[in-house]
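The next block holds one structure in the form of structure tokens; read it before the comments.
No lab work stands behind these numbers, since they all come straight from the coordinates. Every value quoted in this text rests on a predicted model; they were computed, and no experiment measured them. Here Cβ is always computed from backbone atoms with ideal geometry, including for glycine, and neighbour counts include all displayed protein chains.
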Amino acid sequence: MKIICIGRNYAAHIEELKNETPGNPVVFLKPDTALLKNGSPFYYPDFSKNIHHEAELVLKICKEGKYIQKQFAHRYFEEIGLGIDFTARDLQDQCKAKGLPWEIAKGFNGAAPVGDFAPVADFSDLKNIDFHLTINGELKQKGNTALMLFDFGTIIEYVSQFFTLKKGDLIYTGTPAGVGPVAVGDRLEGFIGSKKMLDFEVK
């Protein structure tokens, strides 16, 4: 399986990081070794001093496809979950300053925690899904799919031009504003609506 991530998909997050608004989805990958499941703790790596949380809705691909047209995209995912795109912001800044790729800042071990998934049938409107992240009980990020620059169908149509999607692949669909650092001892809890989907600690 592969982990496909979409960057710069919420205007407020683009603004907070002072990035340019993209004309197409910004796509990057994480290796499967970045996946962190079942509420396992995230161990803070020694190569960074500035790991940021980025809460995102995650699509689980249910069948193989490529060159998928937007109007058929809904056939390729049956579940939606919540995950964290951990980013070593200091490493990312160093790589960007040198014009280098920044996979090491996004794809390190444990950099893609993912929680529970819910059937698409549970959602009355995919363009109006609320989600939020708390750290130690304090609200840190809050988003709604209505605020996405590129909706689920657009993402799947675009990504599938370049990568064949396979059953079990995960697509992290972008983070809203409010990203920030985590520290050892933090407890992260993620919610879709009022339902807790993600719960783990930083060690």
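Annotations for the structure displayed:
- Between the labelled values (1) 16.5, 59; (2) 15.7, 45; (3) 18.8, 66, the entry that holds Rg and Dmax of the Cα atoms in Å as derived from this structure is (2).
- Amide hydrogen proximity for GLY193: with H placed 1.01 Å from N in the peptide plane, the residues at 5 or more positions away or on another chain lying under 5 Å are ASP130, PHE131, HIS132.
- Rounded to the nearest 20 debye, the dipole size of the chain about its Cα centre is 420 debye, using +1 on the Cβ of Lys and Arg and -1 on the Cβ of Asp and Glu.
- Value at 222 nm in deg cm²/dmol, rounded to 500, when DSSP H runs of n ≥ 4 in the chain each add -39,500 (n - 2.57): -3000 deg cm²/dmol
- Distance from segment 145-196 to segment 20-47 (C-alpha centre basis), Å: 10
- Taking 0.36 nm per residue of separation and subtracting the Cα-Cα distance, full extension of the segment from VAL120 to PHE162 would add 12.6 nm.
- Sparsely packed loop sites in segment 1-54 (the GluC sites (Glu not before Pro) outside DSSP H, G, I, E and B with at most 16 other Cβ atoms within 10 Å) comprise GLU20.
- Three-way shape label, segment 1-79, alpha-carbon gyration tensor, a/c 1.5: oblate
- Rounded to whole Hz, the Karplus (6.51, -1.76, 1.60) HN-Hα couplings of segment 112-119, x for glycine and proline: 10, x, 9, x, 6, 10, 10, x
- For the chain, a Gaussian network of Cα nodes joined below 10 Å ranks THR164, THR145, THR173 by mean-square fluctuation, and the top entry is THR164.
- Shape call, segment 85-203: gyration tensor on alpha carbons, a/c limit 1.5: oblate
- Paramagnetic reach from ASN50 (point 7 Å along Cα→Cβ, amide N under 15 Å) across segment 166-202: 179-183
- The chymotrypsin sites (Phe, Trp or Tyr not before Pro) of segment 25-71 meeting both criteria, a DSSP state outside H, G, I, E and B (loop) and at most 15 other C-beta atoms within 10 angstrom of the site's C-beta, are TYR43, PHE47, TYR67.
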